[in-house]
1. Starting from 0.36 nm per residue, how many nanometres of slack lie between LYS87 and ASP56 once their C-alpha separation is accounted for?
2. For region 62-72, in order, what is each residue's ³J(HN,Hα) by Karplus, 6.51 cos²θ - 1.76 cosθ + 1.60 with θ = phi - 60°, in whole Hz (x at glycine and Pro)?
3. Report the chymotrypsin sites (Phe, Trp or Tyr not before Pro) located in region 52-153 that are in a DSSP loop and have at most 15 other Cβ atoms inside 10 Å of their Cβ, or state none.
4. Quick one, can you get me the convex hull of the C-alpha atoms of region 36-79 expressed as volume per residue in Å³?
5. Using just the C-alpha positions of region 29-134 as equal point scatterers, what log10 of I(q)/I(0) does the Debye formula give at each q in 0.12 1/Å?
6. Principal axis lengths of region 86-143 from Cα atoms, whole Å, largest first?
7. Taking 0.36 nm per residue of separation and subtracting the Cα-Cα distance, what length does fully extending LYS97 through VAL128 add?
8. Please compute the modelled spin-label separation between LEU68 and LEU37, points set 7 Å along Cα→Cβ, answer in nm with one decimal.
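Each value in this text was obtained by applying a stated rule to the coordinates, not by laboratory testing. What you are looking at is a predicted structure, and each value in this text was computed from that prediction instead of being measured. Virtual Cβ from ideal backbone geometry, glycine too; neighbours counted across all protein chains shown.
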Amino acid sequence: MRKILLLVALLGLGTLGIINGRSAAPQVSKVMIPPTLVIGNLYASADGCQDTGRTDRVGIPNSQLLDLSFADPTYKIAGVSLRETTKVGKSGVRNVKFDPAQGVLSLDIFAGGEGTTQCLPFVGCRCVGASGGSYGVEITAHYKSAKLTLTAE
């Protein structure tokens, strides 16, 4: 059994050109970059009578290849678009900025739940008319038409 496994391994290495002392030829292929690529999905949620928010940073792969002639209609960011996927209550995004030198998009995402906090002495506080809030956003990069050459060794 060991002899058979060794023979199969040697045959495999021989076809790769490793045993004969020559290295295998690198394989080259051209890959088309898709015109758009979803690079992130962000989500924030809050219970009734609560507000939440955070700052997120999203790295954009191959940002030097972005199609800067495309601009998001709402946020006017070149090469990137944001699409609202969920909006409930007082929620959204703000302070959307793109740093082309670092290839990073930063934004604040927030969600606010509805309701009124009522506090009674000796009883405590409760949320009246509570309903949650949430917000989701999809981030898409828009690329120039280009072909990348990939080399595998």
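1. Values: separation 31, 0.36 × 31 = 11.16 nm, distance 1.77 nm.
So the extension gain works out to 9.4 nm.
2. In residue order, the calculated couplings are 6, 5, 5, 9, 5, 7, 6, 6, 7, 10, 4 Hz.
3. Details: sites: PHE70, TYR75, PHE98, PHE110, PHE122, TYR135, TYR143; in loops: PHE70, TYR75, PHE122.
Passing sites in region 52-153 are PHE122.
4. On the way: hull volume 4.6 nm³, N = 44.
Expressed per residue, the convex hull around the Cα atoms of region 36-79 is 105 Å³.
5. -0.54
6. 59, 20, 11
7. On the way: separation 31, 0.36 × 31 = 11.16 nm, distance 3.69 nm.
Gain on stretching LYS97 to VAL128: 7.5 nm.
8. 1.9
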